[in-house]
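**Student:** Before I ask anything, here is the structure I am working with.
The values are calculated or read from the model by the stated rules, or taken from the named source; none is laboratory data. Keep in mind that what you see is a predicted model, and the values were worked out from it rather than measured. FYI the Cβ positions are ideal-geometry reconstructions off the backbone, even for glycines, and counts take in every protein chain you see. Just so you know, the surface numbers come from the protein's heavy atoms only, side chains and all, with ligands and any DNA or RNA stripped out. Shrake-Rupley method; radii C 1.70, N 1.55, O 1.52, S 1.80 Å.
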Amino acid sequence: MITRISPPDKKALAFAKEEIARGGVVAFHTETVYGLGANAFDGGAVAHIFALKGRPADNPLIVHVHRDYDLSALVDDIPPYAKALERAFLPGPLTMVYPSVGKVSPLVSCGLNTLAVRVPSSETAQAFLRTVGLPIAAPSANKSKHVSPVTARHVYDDFQGEIPLILDGGACSGGIESTVLDCTGDVPQILRAGLVTREMIESVAGKCAVYRMRTGEKPKSPGMAHQHYAPKCRTACFSAEEREKARLCYEEELRAGGTPFYVCERALLPFLSGNALDLGGDPAEMAARLYAVLREGEQKATLLIAIEPKERGGVMDGVLNRFCRAFGRDHET
Ligand code: AMP
Ligand code: MG
């Protein structure tokens with residue numbers, strides 16, 4: 001199969017519509033990361049997504065719809081606080097989890113009685129969803145465990161020859177996956193941190209809880225229990241206070257004949273000598289750059305030496321969650 005990368009012009013959208021109608025899979029740009037989409041009503045098509053990604057069968061998918069889609073066709077019992085959040089943040093990088101009415105394939109939610117829904121703001125995603133006219137189940141368009149894709153080229157690198165079309169909307173401006181918010185309780189609860197932050201949700205809903213998985217517990221957001229976002233090369237990770245250790249690690253790799261690269265926030269760059277990849281200067285920039293930096297790093301380095309950014313709260317909750325999981329480090333969220 002030839003994998004075409006195309007902007008969402010008339011021809012590409014018509015092809016995408018046909019492909020989705022016959023149970024195929026199409027990758028598309030969103031403002032967070034690229035998605036790998038299929039008709040959420042079609043169990044065979046949804047199963048194909050899992051097979052293509054090598055995704056564990058207990059990791060549910062998010063259903064994407066266009067901005068005028070009537071969510072009551074898919075979910076029930078939307079509480080008033082969630083309506084207010086929808087008004088404030090949709091379309092955008094916020095996924096809402098509601099009780100499912102059971103219309104989509106049970107494979108989408110892996111048998112859970114809830115459904116995660118999202119209205120992306122990306123114009124490419126909107127054009128695709130509107131043209132197709134169906135709810136589209138879509139995880140990130142990367143092989144399971146690999147770094148999420150933030151350009152069409154990243155998708156191509158993982159799925160060349162396996163999918164017919166990537167709808168190219170350029171680099172993803174957000175850069176990390178959507179905030180996943182459980183809206184089945186009295187208070188909204190963040191299951192996965194993202195660009196719609198706890199502080200933003202609190203400002204609209206009054207309250208916002210953050211889910212923390214306890215050891216041994218069945219996770220509420222199954223995806224969070226899986227290893228994720230790992231670059232293909234070896235990695236090491238240090239706190240900002242451990243800069244000297246990071247330097248020693250760098251020199252040891254050089255002596256062993258390897259090619260080490262630091263991965264750190266911009267403010268640290270003047271204090272390091274040698275190869276370094278710039279994560280960015282502020283939290284939003286770090287979110288936008290993280291996955292591209294990890295993908296660049298795995299191509300260039302034998303060892304990526306990460307130094308944890310210092311800032312906490314807001315967008316950094318999401319950035320640090322992905323950063324720590326990419327580098328196998330424990331993190332609170
Ligand atoms: P991905 O699209 O690869 O970013 O993964 C979607 C993530 O959304 C999953 O890993 C889950 O953690 C979360 N998710 C999807 N559906 C549900 C659901 N019904 N309940 C809770 N979390 C969900
Ligand atoms: Mg993913």
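**Student:** Ordering Thr131, Thr32 from largest to smallest accessible area (1.4 angstrom probe), what's the sequence? Kindly include the intermediate steps, with their values, before the conclusion.
**Tutor:** On the way: Thr131 45, Thr32 5 Å².
Accessible-area ranking of Thr131, Thr32, largest first: Thr131, Thr32.
**Student:** Considering the zone a paramagnetic label at Gln299 would reach in this model (a point 7 Å from Cα along the Cα-to-Cβ line), which residues of the range 238-254 have amide N under 20 Å from it?
**Tutor:** Counting backbone N atoms under 20 Å from the label point, the list is empty.
**Student:** Could you give each residue of the range 143-159 its phi-based ³J(HN,Hα) in whole Hz, using Karplus coefficients 6.51, -1.76, 1.60 with θ = phi - 60°, and x for Gly or Pro?
**Tutor:** After applying 6.51 cos²θ - 1.76 cosθ + 1.60, I find 5, 3, 6, 7, 5, 5, x, 10, 9, 4, 4, 4, 4, 4, 4, 8, 10 Hz.
**Student:** By per-residue mean of other Cβ atoms within 10 Å, what is the highest-first order of 68-74, 284-290, 229-235, 54-60? Intermediate values should be presented prior to the final figure.
**Tutor:** Numbers: 68-74: 13.7, 284-290: 22.0, 229-235: 18.0, 54-60: 16.0.
Highest-to-lowest ranking by the protection proxy: 284-290, 229-235, 54-60, 68-74.
**Student:** Also: Once each part is reduced to its C-alpha centroid, what is the distance from the range 163-199 to the range 291-333 in angstrom?
**Tutor:** 17
**Student:** Same structure, new question: Hey, what's the Kirkwood Rh for the range 132-200 if you take every pair of different alpha carbons, in angstrom?
**Tutor:** Details: mean 1/r = 0.0697 Å⁻¹.
When all Cα pairs of the range 132-200 are included, the Kirkwood radius is 14.4 Å.
**Student:** Over the Cα atoms of the range 237-278, how large are the radius of gyration and the largest Cα-Cα distance (Dmax), in Å?
**Tutor:** For the range 237-278, the Cα radius of gyration and maximum Cα-Cα distance read 9.9, 28 Å.
**Student:** With every protein chain kept in place and ligands, DNA and RNA left out, what is the accessible area per residue of the chain? Probe 1.4 Å, answer in Å². Display every interim value, and only then the final one.
**Tutor:** On the way: 13960 Å² over 333 residues.
Averaged over the residues of the chain, the accessible area is 42 Å².
**Student:** Okay, moving on. If you rank Tyr250, Tyr156 by how much accessible surface each has, with a 1.4 Å probe, what is the order from largest down? Don't skip to the end; give the middle numbers.
**Tutor:** Details: Tyr250 15, Tyr156 50 Å².
Heavy-atom accessible area, descending, gives Tyr156, Tyr250.
**Student:** Which value in Å does the Kirkwood hydrodynamic radius of the range 53-162 take, with 1/r averaged over all unlike C-alpha pairs and then inverted? Kindly include the intermediate steps, with their values, before the conclusion.
**Tutor:** Working: mean 1/r = 0.0667 Å⁻¹.
Evaluated over the range 53-162, this radius sits at 15.0 Å.
**Student:** Quick check: convex hull over the Cα atoms of the range 227-333, volume per residue in Å³, rounded to an integer?
**Tutor:** Numbers: hull volume 9.5 nm³, N = 107.
Looking at the range 227-333, the number lands at 89 Å³ per residue.
**Student:** Continuing with the same structure: List the lysines whose Cα sits under 30 Å from the Cα of Lys232, skipping any in the same chain fewer than 8 residues away.
**Tutor:** Result set, ordered by chain and number: Lys53, Lys143, Lys145, Lys218, Lys220, Lys245, Lys300, Lys310.
**Student:** Still on this structure, please answer the following. Just to make sure I understand: if all protein chains stay in place, what is the order of Met316, Met213 by accessible area at 1.4 Å, largest first? Before the final figure, lay out each step's value.
**Tutor:** On the way: Met316 0, Met213 90 Å².
Output order, biggest surface exposure first: Met213, Met316.
**Student:** Rounded to the nearest 500, what is the chain's calculated 222 nm mean residue ellipticity when only DSSP H runs of at least 4 contribute -39500 (n - 2.57) each, over all residues? List each step's numbers first, then the result.
**Tutor:** Values: 9 runs with 102 residues, N = 333.
So the calculated ellipticity at 222 nm is -9500 deg cm²/dmol.
**Student:** Based only on the alpha carbon positions, what is the Kirkwood hydrodynamic radius of the range 24-65, in angstrom? Don't skip to the end; give the middle numbers.
**Tutor:** Working: mean 1/r = 0.0923 Å⁻¹.
It is 10.8 Å.
**Student:** Which of the trypsin sites (Lys or Arg not before Pro) across the range 22-124 are loop residues per DSSP, with 10 or fewer other Cβ within 10 Å? Before the final figure, lay out the partial values.
**Tutor:** Numbers: sites: Arg22, Lys53, Arg67, Lys83, Arg87, Lys103, Arg118; in loops: Arg22, Arg67, Lys103.
Those satisfying the criteria are Arg22.
**Student:** In addition: Show me 258-266, 197-205 ranked by packing, highest mean number of other Cβ atoms within 10 Å first.
**Tutor:** On the way: 258-266: 20.8, 197-205: 17.0.
So the peptides 258-266, 197-205, ranked by packing, come out 258-266, 197-205.
**Student:** Now a separate question. In square nanometres, what is one fourth of the surface area of the convex hull spanned by the alpha carbons of the chain? Before the final figure, lay out each step's value.
**Tutor:** Numbers: hull surface 66.6 nm².
With the hull built on Cα positions only, its mean projection is 16.6 nm².
**Student:** In the chain, what percent of the accessible surface is made up of carbon and sulfur (1.4 Å probe, ligands and nucleic acids excluded)? All intermediate terms of the calculation are to be shown ahead of the outcome.
**Tutor:** Numbers: 7130 of 13960 Å².
Carbon plus sulfur share of accessible area: 51 percent.
**Student:** When a/c is below 1.5 the answer is rounded, else prolate if a/b is larger than b/c, else oblate, so apply that to the range 1-125 with a ≥ b ≥ c taken from the square roots of the Cα gyration tensor eigenvalues.
**Tutor:** Numbers: a/c = 1.97, a/b = 1.28, b/c = 1.53.
It is oblate, given that a/c is not under 1.5 and a/b is not larger than b/c.
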